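This report concerns only the one structure given below.
The values are calculated or read from the model by the stated rules, or taken from the named source; none is laboratory data. What you see is a predicted model; the values in this text were computed from it and never measured. Here Cβ is always computed from backbone atoms with ideal geometry, including for glycine, and neighbour counts include all displayed protein chains. For accessibility, only protein heavy atoms count, side chains too; no ligands or nucleic acids. Shrake-Rupley method; radii C 1.70, N 1.55, O 1.52, S 1.80 Å.
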Amino acid sequence: MNQKIAVVVALLVLGGCASQPEVVERELGAFDLKLGTSPTRSMAQGLVSPSAASTFRGGLDLTHASGLYLGQWAPSMGILEGRTLELNTYAGYAQPHLGDMPGFELGVIRYSFPELENHDRHQFYAGINLAGSRLGGALSASPGRTDSTLLMELGSVQPFDVGVRLKYASHSMDSPMYHMGGSVRVFNDWSLNLSRPLLGVHLDLTYTDSNLSGRQCGVYSGQNSYCESYFMFKAERALF
């Protein structure tokens, strides 16, 4: 199996170039309303998020004091050529971690494309958190395939103060995907992330892999950027 290694050194300049706020928040009685041009919520302990934004986008998020929430996010308004209208609509229930009681969350998000046929999909998700550790799971059903993902974040592991984040996903196709030499109907992929602050620098090491290799990677469509084993190291430091 081929090994790939990437080293990225990122210098982040903070404070000197403040941008305009992208989210406006208002209290409406027992509700908290957020309007913005960037997604205002991630779900299932960060495992599920609305789709990435394009040039023209916007959305709202409404949260009740009881923990119920709903919202809609349009990552693409379909205005630019080559872009189609996409709407991400979600609803869920969340309770924070209090004392010895774990926090939890569950809900569903629908990704809809009004201008396209047979492209809509649903994603069901749930998550819990306790004592700095978090666990999230999601099941996505779209035309022709089903994807399930499990995320575990252990927080800061002592005595080395290393943050550990694990993700495992299984992908199942209704019809096999063909490549030179065979076909693939079910495949899995996974990732491991280790992070640690050191002398003002945030160190981040990520390893990703899948059970596909060689010609099979021609049909890979999982959560990782690369089909076969891949390492990436990042070092970030705020200058101001």
Exercise. In the set (1) 18.2; (2) 19.1; (3) 20.4, which value of Kirkwood radius over Cα pairs in Å was calculated from the structure you see?
Worked result: (3)
For this session: Evaluate the charge dipole of the chain about its Cα centre and quote only its size in Debye, nearest 20, assuming +1 on the Cβ of each Lys and Arg and -1 on the Cβ of each Asp and Glu.
Result: 400 debye
Exercise. Could you work out Rg/(2.2 N^0.38 Å) for the stretch 91-196, with Rg from alpha carbons only?
Worked result: 1.37
Exercise. In what order, largest first, do I128, I109 sit by accessible area if the probe radius is 1.4 Å?
Worked result: I128, I109
Problem set entry | Relative contact order computed over the stretch 112-240 (Cα-Cα under 8 Å; 6+ residues apart), in percent | 15 percent
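Antiparallel as a % of all DSSP beta bridges within the chain, to the nearest 5?
Values: 107 of 116 bridges.
If we restrict to bridges inside the chain, about 90 percent are antiparallel.
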Exercise. What list of ³J(HN,Hα) couplings, whole Hz, do you get for the stretch 22-39 from phi and the Karplus terms 6.51, -1.76, 1.60, once you set θ to phi - 60° and write x for glycine and proline?
Worked result: 9, 10, 10, 10, 9, 9, 10, x, 8, 10, 10, 10, 10, 10, x, 9, 9, x
